[in-house]
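Down below is the structure, laid out as structure tokens.
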Amino acid sequence: MVKINENYLKLKAGYLFPEIARRVNAFATAHPDAPIIKLGIGDVTEPLPAACREAMTAAVAEMGDRTTFKGYGPEQGYLWLREKIAAQDFQARGCDVDASEIFISDGSKCDTGNILDIFGTGNAIAVTDPVYPVYVDTNVMAGHTGPANDQGEYGGLVYLPINAENDFTASIPTTKVDLIYLCFPNNPTGATATKAHLKAWVDYANAHGSIIFFDAAYEAFITDPEIPHSIYEIEGARTCAIEFRSFSKNAGFTGTRCALTVVPKSLKVQTSEGAEVALHSLWNRRQSTKFNGVSYIVQRGAEAVYSEAGQSQIKTLVNFYLENAQIIRNQLTAAGFAVYGGINAPYVWVKTPAGLSSWNFFDQLLEKVNVVGTPGSGFGAAGEGYFRISAFNSRANVEEAMARITAKFATV
Ligand code: MLT
């Protein structure tokens, strides 16, 4: 008899965003004229930067000429892209990251899930609550958890609550955890971490032989010069941290697909027999076996992000979404909502009004003002009573959505 991976049966309902899409589609089918505005999933809306488009167009032309045509590329990504990333994203910030430690991929979502391939079972795994659901669900799929309880918390995971009282930054655990997921600027709360906070995590990880998975997909939205963009700005991180980055949100590549993962060569763990193993070798082996690289055309588009024109264009794009976030923050605050995040991040984290549950507020927003957001409880039990609003949309849609929400739900 065929056996399936029964860990999948432990997963609660659908993945959050498809579940939202299902509910929105059902509403739209029943109300075909409803002018729905989507501020739910963090999907970009503005066109790709001209520098990226021009580079990709030139790359398409190269693919049409047998003298410049490219077949399989390096599984790790082309060196010309990795070198620019190393120089401009890391070395320019004082981070000791070499091009050979960078792996180009088709997405941080994929990489944060796939990285589990090189880790065994039996690790104590810490996630914040609320958290980007991919970290939890991929661990469930890999059989690293027990079943979920009524609150949707999986046995075997260590949940670190983040809330207004701790500025949405988790306390360092008092028990030993092996794998730690950190995301800053944070999805979903929009919170950021100080260097001191990250240093505490790095010190903890080095003291306990733990590994930090640092998701920096939203680092481009940091405007405060005191806030670190990379975990490698923190002394000691090269021996305890893997960093994930993406072109999705800074350069609008959500549909184009390009991201990167940094695995320092100094990151070593021990086998059960005490032999030292470099995680870089394992990840390189995994990628070389299961992945054939990102398309040449897309990598040329990503490379253009590092040109002078590209840098200026992505700054404009990021500033545009940050202004949207500012509008959301200002309007909701003036209407009496408690509002967090949205300053160095494209997500605004809002307390639901009148004690409504996250999904109740989702339903009311959809039905009464035709605006879609993301229920906080979809990110974990501690997200109950909160709601995430994404700044990724046109200015007109953001303004219209805020006008509708504040007209209907203002408490002051
Ligand atoms: C989100 O809305 O949380 C993002 O779209 C997640 C992602 O980039 O996968």
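No value in this document is a laboratory result; all are computed from the given coordinates. Since we're looking at a predicted model, the values are computed, not measured. A quick note on method: Cβ atoms are made from the backbone with ideal geometry, for glycine too, and the neighbour counts reach across all protein chains shown.
Within the chain, the longest run free of GluC sites (Glu not before Pro) that sit in a DSSP loop with at most 15 other Cβ atoms within 10 Å is 1-225. Helical content of the chain, expressed as a calculated mean residue ellipticity at 222 nm, amounts to -10500 deg cm²/dmol (DSSP H runs of 4 or more residues, -39,500 (n - 2.57) each, divided by residue number, nearest 500). Under 5 Å from the amide H of residue 253 lie the amide H atoms of 248, each residue being 5 or more positions distant or on a separate chain, with H modelled from the backbone and absent for Pro and chain starts. Site pair residue 141 and residue 8 shows an inter-label distance of 0.9 nm when each label is modelled 7 Å from Cα along Cα→Cβ. Taking the Cα of residue 224, stepping 7 Å toward and past its beta carbon, and measuring to each backbone N in the range 173-205: which are under 14 Å? Zone members listed by number: 184-186, 190-198.
Pairs exceeding 29 Å between alpha-carbon atoms, taken from 12/315; 70/268; 109/195; 84/195; 109/265; 290/315: 12/315; 70/268; 290/315. Multiplying the residue separation of residue 395 and residue 46 by 0.36 nm and removing their Cα-Cα distance gives an extension gain of 124.6 nm. Label zone (residue 88, point 7 Å along Cα-to-C-beta; backbone nitrogen cut-off 14 Å) within the range 288-317: 299-317. Fraction of C-alpha pairs exceeding 34 angstrom in the chain: 31 percent, rounded to a whole number. Extension gain, residue 360 to residue 410: 0.36 nm times the residue separation minus the Cα-Cα distance gives 16.4 nm. Tell me the trypsin sites (Lys or Arg not before Pro) within the range 197-299 that lie in a loop according to DSSP and have at most 14 other beta-carbon atoms within 10 Å. Taking the range 197-299 and a limit of 14 other Cβ atoms within 10 Å, the loop trypsin sites (Lys or Arg not before Pro) found are 265.
Relative contact order of the range 67-307: what whole-number percent is it, with Cα pairs under 8 angstrom and at least 6 residues apart? Computed value for the range 67-307: 25 percent relative contact order.
Given +1 at the Cβ of Lys and Arg, -1 at the Cβ of Asp and Glu and no other charges, the dipole of the range 67-307 around its Cα centre is 760 debye to the nearest 20. Sparse packing (at most 13 other Cβ atoms within 10 Å of the Cβ) combined with a DSSP loop state is found for the following trypsin sites (Lys or Arg not before Pro) in the range 9-90: 66. Using Cβ point charges alone (K and R +1, D and E -1), the dipole size of the chain about the Cα centre works out to roughly 560 debye.
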